[in-house]
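Asks: Sending over a structure as structure tokens; questions will come in a sec.
The values are calculated or read from the model by the stated rules, or taken from the named source; none is laboratory data. Owing to the predicted nature of the structure, the values given are computational and were not obtained by experimental measurement. For neighbour counting, all protein chains shown are included, and Cβ atoms are generated from backbone atoms with ideal geometry for every residue, glycine included. Each accessible area value is taken on the protein alone, full model and side chains, heavy atoms only, with ligands, DNA and RNA left out. Shrake-Rupley method; radii C 1.70, N 1.55, O 1.52, S 1.80 Å.
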Amino acid sequence: MESKTSPLADVRVLELAGEVGSCAGKMFADLGADVIHIEPPQGDPARRYQPFYKDVPSTEGSLEYQYFNTNKRGMVLDITTEEGKEIFLKLVKTADILIENERPGYLDQLGLGYSQLSAVNPKLVHVAITPFGQDGPYKDFPQSDLVCMAMGGFLYLAGKDDEKPSRAYGDQAYMMGSLYAAMGSIIALYHAEATGEGQFLDVSMQESVSTALENAVQYYDLEGIIRRSLIGAEAGYGTYPCRDGYIFVMAAMGKNRYLWDPFVDWLIEDKIEGAEVLRGDEWLDPLYRRKEESVETFKKIVEPFLMNKDKLFLYEESQRRKCCVFPVSSPKDVYNNPQLQYRKFFKTMYHEALGGEIHYPGPAYDMTEMKWELSKPAPVFGQHTSEILQELGYTPDQIAVLVKGGVVVVKEDAA
Amino acid sequence: MSKKMPLDGIIVADFTWVGAGPIATRFLSEYGAKVIKIETKSKPEILRMTGPFKDGIPGVDRSGYFSNRNPNKQSISLNMKHPKARDVAARIIEKSDLVINNFRPGVMEKWKLGYEDVKKIKPDIIFVTMSMQGSSGPHSSYMGFGATLNALVGFNHLSGFPDQPPFGTGTNYSDHVAVPTHTIFALMAAFRHRNKTGKGQFIEIPQSEAAICMKPVAVMDYAVNGREQSRIGNRHLNAAPHGVYRTSGDKRWIGIAVYNDSEWESLKNVMGNPAWANDPKFATKEGRMANQDQLDSMIEKWTSGQDGHELMQKLAGSGVRAGMVLNAKDMLEDPQMQARGHWVYLDHPEIGVSAYNGCPVHMSKTPAQYKTAAPLLGQHTEEVMKEFLNMDDREYKQLEADQVFA
């Protein structure tokens, strides 16, 4: 355990990112990279997002901001000013990766586009996350998660038949764009370190979302069928109520019996009225299961069975019986999930400015040689501005002038 | 411009199947890695037998579901139940940089190809396993699928309309992005680490945990505030109006999101400043958040009957965040997706030319490459044995006769 190393400790990432790219920066920061989260003087918009720590709105209290910015250093810098640009270029010279989410062309207008940055640092990997990419007819359309989910084809799948679709929780288009940015930038970093060649990475959130359409595009391409969600459209595949909430039953899968039979056996063993009907071979035909009448029959049979059982029992017992019933977990269930608790997945860290502990999800990976750790909470507004400027060679007097001119913001007790 | 690709020279012994695994190794192949997909003819993977199929006719080499996840790869057939198969796999692993699988814990070990075994074959190997819920803990051996995992990690509870049962995303979402991208991120860090230290390692990506990292705020909210968030349809905790509204046509909607007062002014202007919208109760974000039912119904009255595409152009052109809900056909025909060259058309011996997703990351100097369509089952067995493993013809024929490649 102690011999593990922080694999990205020698990597510096600049992030002009806010709510979209900060997840990409977090992935680097949690493996030890020096990630500098650069905020404009008005602050990262995520700082203003609900919910807040103890429900008290404050600059530091947004849980979203706190989650996505762990382990980073924070700097408040106005890159639209001449002095701000100069500081930014000095930082770029020291960086391996820049992650940004500005609208296409904006950084070029400031004189901080890829051509200018790569002149200062040819090894730089510059990754830009935008709703539609850097070119094309929609490149200037304004950004929102909902728009990217809609235009990426994902939202259409979130409903069956004629139902109005409902969007996925948690700004998933932003997440997808950010994860692809992280993936692309570490591949490009690997290349830059081997060849000395940096490059520009243009990540479109619309395209990112379009990679999550399952087989929908191929269904249209190969069979001319425009599909929506299949969940709930078929008996034995979808959400059903139980005593303490809902469960997700996966008994039906194509023409396979291996999930169906043990589930039906369980109903019969429990002396559920009418369960023998489900033994019929017709139930192994997806088209039969999709009939409205079949959906209703199945529901009527299983409901009394489910309504006197809890989701955790159904989940664990189903696995013992080699069938597949999963809990529809609420946030509380997720937090208390026995598997996650056993694995100590959730971590806590004390946050000085908030005067308490925040609970965070742990790593997405276990690695034998590399360390993932939470070493410091998200930076307080302007926390490392002064420290970073001093590393670049600015004197306290020069920093005071920059503060006065509104070019940078320095956290008060750090000034 | 250098022609060298980032992952040139990297060789992958790819035991993955179905969802998250093949999607991950697909990206490795796009950036230059040689990916050898180890399959079994006598037991083809589920996705090869799952639709859509070319012209609706089933066949192990006809699934578009499978093909989209497997371009550029080589497929060999190896019957792992055969006693001689393990040796062939070991010879591939000896020349590989990465061994990757998404089986349940214990399957690779049963074949004597767990990390401890593989390390003896290739000491600096990077070994990646994408288990459902991790290899330790009371639920580590549980079977599950993307769709069930989404329910387990909270997506379903939090996604859907408040007056209806939990819904989720309608897909096996966590398979598609969360798990593959986290996997690539970790293994790239591992390649880097190996280049510096000479050491390989074992990496496990529990799919449930990677999925939670995509949507943790509600769980954090519970942990610190004791609040149980629930689904809110198309609304947003920090923006209003924020919804999906019917337009003209069958199953046609537009998404509109208003984050601040100036965007609200723009939306009002596009709507022609109707009297209802000028009610002072909508003038502030707090007011709009508090009166969403009325807001949504009035906006839908306005959008219904209008052409979604024209409406989107008008709204987006005025700075309002708006986008049509596109279906799969729209996606293939979308002018933006086409201008970006997103869809890649590859020619396959049985399927013919069909559409594949391109990589959403456009690299200026080493763009993702698409050399070949998805492989036929076992298409490259002979090539990999003879050219990659330098197996002589006699041995190859013998193994073939012994049903090792069956």
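Asks: Say we look at segment A:105-152 and pick out the residues that are under 30 Å from B:HIS236 (Cα atoms), of a type in the set (Gly, Ala, Ser) and more than 18 Å from the chain's Cα centre (by Cα); which of these is farthest from the other protein chains (Cβ to nearest Cβ)?
Replies: A:GLY105
Asks: Moving on. Being open to solvent by less than 40 Å² (accessible area, probe 1.4 Å) and either farther than 30 Å from A:GLU214 by Cβ or without any contact (Cβ under 8 Å) to a residue 12 or more places away in the chain (or both) is the filter here; which residues of segment B:123-160 pass it?
Replies: B:ILE125, B:GLY137, B:HIS139, B:TYR142, B:THR148
Asks: Let me ask something else about it. Answer yes or no as to whether A:LEU340 is out of contact with any Leu (no Cβ under 8 Å at 6 or more places or on another chain), more than 8 Å from chain B (Cβ to nearest Cβ), under 20 Å from B:GLY226 (Cβ atoms) and surrounded by 18 or more Cβ atoms within 10 Å (Cβ to Cβ).
Replies: In short, no.
Asks: In addition: Count, please, the residues in segment B:248-261 that happen to be open to solvent by 10 Å² or more (accessible area, probe 1.4 Å) and either touching a Ser or Thr at 6+ places or on another chain (Cβ under 9 Å) or in contact (Cβ under 8 Å) with a residue 24 or more places away in the chain (or both).
Replies: 7
Asks: To continue, here is another question. Run down B:ALA290, B:ALA355, B:ALA339, B:ALA401 and say which single residue is open to solvent by less than 40 Å² (accessible area, probe 1.4 Å) and of a type in the set (Gly, Ala, Ser).
Replies: Selected residue: B:ALA355, the only one of B:ALA290, B:ALA355, B:ALA339, B:ALA401 that is open to solvent by less than 40 Å² (accessible area, probe 1.4 Å) and of a type in the set (Gly, Ala, Ser).
Asks: Could you tell me whether B:TYR245 is outside the structural domain of B:ILE100 (by the TED database), open to solvent by less than 20 Å² (accessible area, probe 1.4 Å) and among the hydroxyl-bearing types (Ser, Thr, Tyr)?
Replies: Yes: the conditions hold for B:TYR245.
Asks: Still on this structure: Open to solvent by 10 Å² or more (accessible area, probe 1.4 Å), within 12 Å of another protein chain (Cβ to nearest Cβ) and under 16 Å from A:GLU223 (Cβ atoms): does that describe B:ARG62?
Replies: Here the answer is yes, as B:ARG62 does meet what is asked.
Asks: Another question about this same structure. Of B:GLY358, B:GLY319, B:GLY308, which residue is of a type in the set (Gly, Ala, Ser), free of Cβ contacts under 8 Å to residues at least 60 places away in the same chain and not assigned by the TED database to the domain that holds B:PHE66?
Replies: B:GLY319
Asks: Going by the structure shown, is B:LYS329 of a type outside the set (Phe, Trp, Tyr) and either more than 30 Å from B:ASP87 (Cα to Cα) or in contact with a helix residue (DSSP H, G or I) (Cβ under 6 Å, 6 or more places away or on another chain) (or both)?
Replies: Taking the combined requirement at face value, the residue satisfies it.
Asks: Could you tell me whether any residue of segment A:227-246 is of a type in the set (A, V, I, L, M, F, W, C) and more than 30 Å from B:ARG252 (Cα to Cα)?
Replies: Among the residues of segment A:227-246, at least one is of a type in the set (A, V, I, L, M, F, W, C) and more than 30 Å from B:ARG252 (Cα to Cα), which makes the answer yes.
Asks: Of the residues that sit in segment B:187-200 and are surrounded by fewer than 24 Cβ atoms within 10 Å (Cβ to Cβ) and outside any helix (DSSP H, G or I), which one is nearest to the chain's Cα centre (by Cα)?
Replies: By that ranking, first place goes to B:LYS199.
Asks: Further question: Please go through segment A:194-229 and give me each residue that is in contact (Cβ under 8 Å) with a residue 24 or more places away in the chain and part of a helix (DSSP H, G or I), ordered by number.
Replies: Selection gives A:MET205, A:GLN206, A:GLU207, A:SER208, A:VAL209, A:SER210, A:ALA216, A:VAL217.
Asks: Does A:LEU230 satisfy the criteria of being over 24 Å from A:GLY113 (Cα atoms) and more than 17 Å from the chain's Cα centre (by Cα)?
Replies: Spelling it out, A:LEU230 is indeed over 24 Å from A:GLY113 (Cα atoms) and more than 17 Å from the chain's Cα centre (by Cα).
Asks: Looking at A:GLU60 and the list (1) touching a helix residue (DSSP H, G or I) at 6+ places or on another chain (Cβ under 8 Å); (2) buried (at least 22 other Cβ atoms within 10 Å of the Cβ); (3) modelled with pLDDT of 95 or more, which single condition is not satisfied?
Replies: (2)
Asks: If the requirement is being outside the structural domain of A:LYS376 (by the TED database), open to solvent by 10 Å² or more (accessible area, probe 1.4 Å) and of a type outside the set (A, V, I, L, M), which of these qualifies: A:PRO41, A:PRO45, A:PRO7?
Replies: A:PRO7
Asks: So A:ILE226 passes all but one of these: (1) closer than 30 Å to A:ASP140 by Cα; (2) touching a strand residue (DSSP E or B) at 6+ places or on another chain (Cβ under 9 Å); (3) surrounded by fewer than 20 Cβ atoms within 10 Å (Cβ to Cβ). Which condition number does it fail?
Replies: All conditions pass for A:ILE226, except number (2).
Asks: Still on this structure, I have one more. Among the residues of segment A:86-99 satisfying the criterion of being in contact (Cβ under 8 Å) with a residue 24 or more places away in the chain and open to solvent by 10 Å² or more (accessible area, probe 1.4 Å), which is nearest to the chain's Cα centre (by Cα)?
Replies: A:ASP96
Asks: From A:ALA192, A:ALA173, grab the single residue that is under 23 Å from the mean Cα position of the chain (by Cα) and not assigned by the TED database to the domain that holds A:SER318.
Replies: After applying the criteria, what remains is A:ALA173.
Asks: Can you tell me which residue within segment B:106-122, out of those that are β-branched (Val, Ile, Thr) and under 29 Å from the mean Cα position of the chain (by Cα), is least open to solvent (accessible area, probe 1.4 Å)?
Replies: Residue satisfying both the conditions and the ranking: B:VAL118.
Okay, residues lined up against (1) of a type outside the set (Asp, Glu); (2) buried (at least 24 other Cβ atoms within 10 Å of the Cβ); (3) in contact with a helix residue (DSSP H, G or I) (Cβ under 8 Å, 6 or more places away or on another chain); (4) within 9 Å of another protein chain (Cβ to nearest Cβ):
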| residue | (1), (2), (3), (4) |
| --- | --- |
| A:VAL13 | yes, yes, yes, no |
| A:ALA17 | yes, yes, yes, no |
| A:VAL20 | yes, yes, yes, no |
| A:MET27 | yes, yes, yes, yes |
| A:HIS37 | yes, yes, yes, no |
| A:ASP78 | no, no, yes, no |
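Asks: Follow-up question, since we're still on this one. Going residue by residue through segment A:323-332, is there one that turns out to be under 27 Å from B:GLU209 (Cα atoms), within 8 Å of chain B (Cβ to nearest Cβ) and open to solvent by 40 Å² or more (accessible area, probe 1.4 Å)?
Replies: Yes, there is a match, as at least one residue in segment A:323-332 is under 27 Å from B:GLU209 (Cα atoms), within 8 Å of chain B (Cβ to nearest Cβ) and open to solvent by 40 Å² or more (accessible area, probe 1.4 Å).
Asks: Same structure again: I need a count of the residues in segment A:157-173 that are facing another protein chain (nearest Cβ under 8 Å) and open to solvent by 10 Å² or more (accessible area, probe 1.4 Å).
Replies: Residues in segment A:157-173 being facing another protein chain (nearest Cβ under 8 Å) and open to solvent by 10 Å² or more (accessible area, probe 1.4 Å): 6 in total.
Asks: Mind checking whether some residue in segment A:356-370 is more than 8 Å from chain B (Cβ to nearest Cβ) and touching a Pro at 6+ places or on another chain (Cβ under 9 Å)?
Replies: no
Asks: May I pose another question? Restricting attention to segment B:161-176, report how many residues are within 7 Å of chain A (Cβ to nearest Cβ), over 13 Å from A:GLY232 (Cβ atoms) and surrounded by 23 or more Cβ atoms within 10 Å (Cβ to Cβ).
Replies: The number of residues fulfilling the criteria is 2.
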